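Trainee: Dropping the structure in here first, questions after.
The values are calculated or read from the model by the stated rules, or taken from the named source; none is laboratory data. Quick caveat, the model's predicted, so the values are computed rather than measured. So basically every Cβ, Gly included, is an ideal-geometry build from the backbone, and we count neighbours across all protein chains shown. We work out accessible area using only protein heavy atoms, side chains counted, and drop any ligands, DNA or RNA first. Shrake-Rupley method; radii C 1.70, N 1.55, O 1.52, S 1.80 Å.
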Amino acid sequence: RVKERGRAGFRFYQPQMNVDLLSRMKIDQAMRQALARGGFRLHYQPQVDIRTGAIVGAEALVRWHDEELGELSPARFIQVAEESGFIVPLGEWVLTEAVRQAAQWHRRGLDLVVAVNVSAVQFQRSNFVERVAAIIAAAGLPARNLELELTESILIQDADEALLRLNALAALGVRLAIDDFGTGYSSLGYLKRFPLRKLKIDRSFIQGLPADESDAGIVRSIVYLARALRLSLIAEGVETEAQRQFLLQAGCDEFQGFLFSPAVESAAFDALLEREALPAGAADDLALPG
Ligand code: C2E
Ligand code: MG
Ligand code: MG
Ligand code: MG
């Protein structure tokens with residue numbers, strides 16, 4: 001009986017796959033048109049110093065609203081773009097736009113680090129380092145104001161080649177962070193070998209804080225590891241004050257999450273910068289022109 005159901009299930013599976021293939025082709029087609037027409041936007045999520053509450057950076061997150069398909073989640077369309085190769089031109093647009101915004105903030109006297117997600121497909125293109133160098137040079141952005149968020153998969157696919165590229169990026173002065181840390185398959189050896197600055201603790205380990213003892217233990221271990229390797233640490237997906245308190249006491253440096261703000265368009269980000277809660281006395285140090 002079970003087998004029969006399994007076989008019947010298999011028959012239903014085929015057309016389902018075709019539907020999925022069709023919608024993937026449709027999404028891919030619509031993305032190409034959207035890029036040509038300027039249909040993508042970037043939102044920025046504040047990265048906050050966990051002790052002072054000051055905004056120290058922003059993660060650029062791509063947004064796409066299609067007239068026919070509606071608002072699509074990046075988790076979905078990025079995957080389609082990675083499969084089709086469209087992530088290369090899309091990723092180049094994201095990088096260019098984020099660097100343009102970062103340069104604008106820099107010219108206004110704001111020392112923010114703008115973090116950009118880099119897909120493995122994009123990173124593996126032979127001219128990736130040259131493109132990064134050209135884009136920051138064209139915008140006049142100091143390299144230290146750009147951070148690239150890489151996934152663990154980038155580091156394990158071709159570790160020798162990855163090391164060469166990461167060293168070249170670090171030599172430019174670009175900051176390198178590992179995104180969704182703790183969810184990948186890589187060994188800890190690469191943390192020592194690669195010129196990394198920062199680890200981003202994955203949201204899945206933050207969700208259960210402070211009550212879940214496994215999550216608490218994992219987070220404390222990551223803090224310990226980051227200290228030993230002199231890496232800076234940020235927690236993503238922080239939604240509650242209790243989570244922030246735990247992270248503060250554990251020794252995490254920064255946080256990002258709905259507790260402070262979701263990703264917002266650049267005008268709203270500017271508003272956050274203006275009314276950010278500064279610790280006593282720190283307002284004197286804030287150099288805002290005009
Ligand atoms: P990510 O890089 O790990 O980004 C964090 C995701 O968590 C974002 O989802 C963000 O909106 C969401 N988030 C932030 N704070 C909270 C919180 O407190 N609670 C919850 N529940 N979620 C929170 P988003 O914008 O939907 O992006 C999803 C993923 O898509 C990103 O995960 C990243 O892997 C990918 N992505 C987004 N933009 C780009 C891009 O420009 N290039 C590439 N290659 N990937 C991108
Ligand atoms: Mg990210
Ligand atoms: Mg992340
Ligand atoms: Mg994530």
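Trainee: When you look at residue 250, is it among the small types (Gly, Ala, Ser), modelled with pLDDT of 95 or more and open to solvent by less than 30 Å² (accessible area, probe 1.4 Å), yes or no?
Mentor: Spelling it out, residue 250 is indeed among the small types (Gly, Ala, Ser), modelled with pLDDT of 95 or more and open to solvent by less than 30 Å² (accessible area, probe 1.4 Å).
Trainee: Something else: Contact list please: Cβ distance under 7 Å, first residue in the range 147-161 and among the hydroxyl-bearing types (Ser, Thr, Tyr), second residue within 16 Å of ligand 3 (Cβ to nearest atom), pairs at least six apart or on different chains.
Mentor: Final answer for the pair search is 151/120; 151/179; 151/180; 151/184; 153/120; 153/184.
Trainee: Can you tell which of 60, 81 is open to solvent by less than 10 Å² (accessible area, probe 1.4 Å), among the aliphatic types (A, V, I, L, M) and within 16 Å of ligand 4 (Cβ to nearest atom)?
Mentor: So the residue among 60, 81 that is open to solvent by less than 10 Å² (accessible area, probe 1.4 Å), among the aliphatic types (A, V, I, L, M) and within 16 Å of ligand 4 (Cβ to nearest atom) is 60.
Results for (1) closer than 21 Å to residue 198 by Cα; (2) modelled with pLDDT of 95 or more; (3) away from ligand 4 (no atom under 16 Å from the Cβ), shown as yes or no for each residue.
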{"residue": "43", "(1), (2), (3)": "no, yes, no"}
{"residue": "56", "(1), (2), (3)": "yes, yes, yes"}
{"residue": "71", "(1), (2), (3)": "no, no, yes"}
{"residue": "75", "(1), (2), (3)": "no, no, no"}
{"residue": "88", "(1), (2), (3)": "no, yes, yes"}
{"residue": "93", "(1), (2), (3)": "no, yes, yes"}
{"residue": "103", "(1), (2), (3)": "no, yes, yes"}
{"residue": "112", "(1), (2), (3)": "yes, yes, yes"}
{"residue": "117", "(1), (2), (3)": "yes, yes, no"}
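Trainee: In the range 215-259, which residues are more than 13 Å from ligand 1 (Cβ to nearest atom), free of Cβ contacts under 8 Å to residues at least 24 places away in the same chain and within 13 Å of residue 47 (Cα to Cα)?
Mentor: None - no residue of the range 215-259 is more than 13 Å from ligand 1 (Cβ to nearest atom), free of Cβ contacts under 8 Å to residues at least 24 places away in the same chain and within 13 Å of residue 47 (Cα to Cα), so the list stays empty.
Trainee: I want to confirm something. Restricting to the range 177-200 and keeping residues that are charged (D, E, K, R) and within 16 Å of ligand 1 (Cβ to nearest atom), which single residue is surrounded by the fewest Cβ atoms within 10 Å (Cβ to Cβ)?
Mentor: Looking at residues that are charged (D, E, K, R) and within 16 Å of ligand 1 (Cβ to nearest atom), I get 180.
Trainee: Out of the helices (runs of 4 or more DSSP H) lying entirely within the range 122-204, which hold 2 or more residues that are within 16 Å of ligand 3 (Cβ to nearest atom)?
Mentor: Those helices (runs of 4 or more DSSP H) span 152-157.
Trainee: Now a separate question. Regarding the range 223-238, can at least one residue be identified that is at pLDDT 95 or above, aliphatic (A, V, I, L, M), assigned to a helix (DSSP H, G or I) and within 16 Å of ligand 2 (Cβ to nearest atom)?
Mentor: no
Trainee: Can you tell me how many residues within the range 54-109 are touching a Gly at 6+ places or on another chain (Cβ under 6 Å) and aromatic (Phe, Trp, Tyr)?
Mentor: So in the range 54-109, the residues touching a Gly at 6+ places or on another chain (Cβ under 6 Å) come out as 103.
So of that shortlist, the ones also aromatic (Phe, Trp, Tyr) come out as none.
Result for the range 54-109: 0.
Trainee: Next question. Taking residue 76 as the residue in question, decide whether it is among the basic types (Lys, Arg), within 16 Å of ligand 2 (Cβ to nearest atom) and under 30 Å from residue 242 (Cα atoms).
Mentor: Here the answer is no, as residue 76 does not meet what is asked.
Trainee: Out of (1) open to solvent by 10 Å² or more (accessible area, probe 1.4 Å); (2) assigned to a helix (DSSP H, G or I); (3) within 24 Å of residue 20 (Cα to Cα), what's the single condition that is false for residue 68?
Mentor: (2)
Trainee: Tally time: how many residues in the range 24-57 are of a type in the set (Gly, Ala, Ser), open to solvent by 40 Å² or more (accessible area, probe 1.4 Å) and on the phi < 0 side of the Ramachandran plot?
Mentor: 1
Trainee: Just to check your reading of the model, which residue among 174, 129 is of a type outside the set (Gly, Ala, Ser), without any contact (Cβ under 8 Å) to a residue 60 or more places away in the chain, surrounded by 17 or more Cβ atoms within 10 Å (Cβ to Cβ) and more than 19 Å from residue 231 (Cα to Cα)?
Mentor: Working: 174 fails: more than 19 Å from residue 231 (Cα to Cα).
Within the list 174, 129, the selection yields 129.
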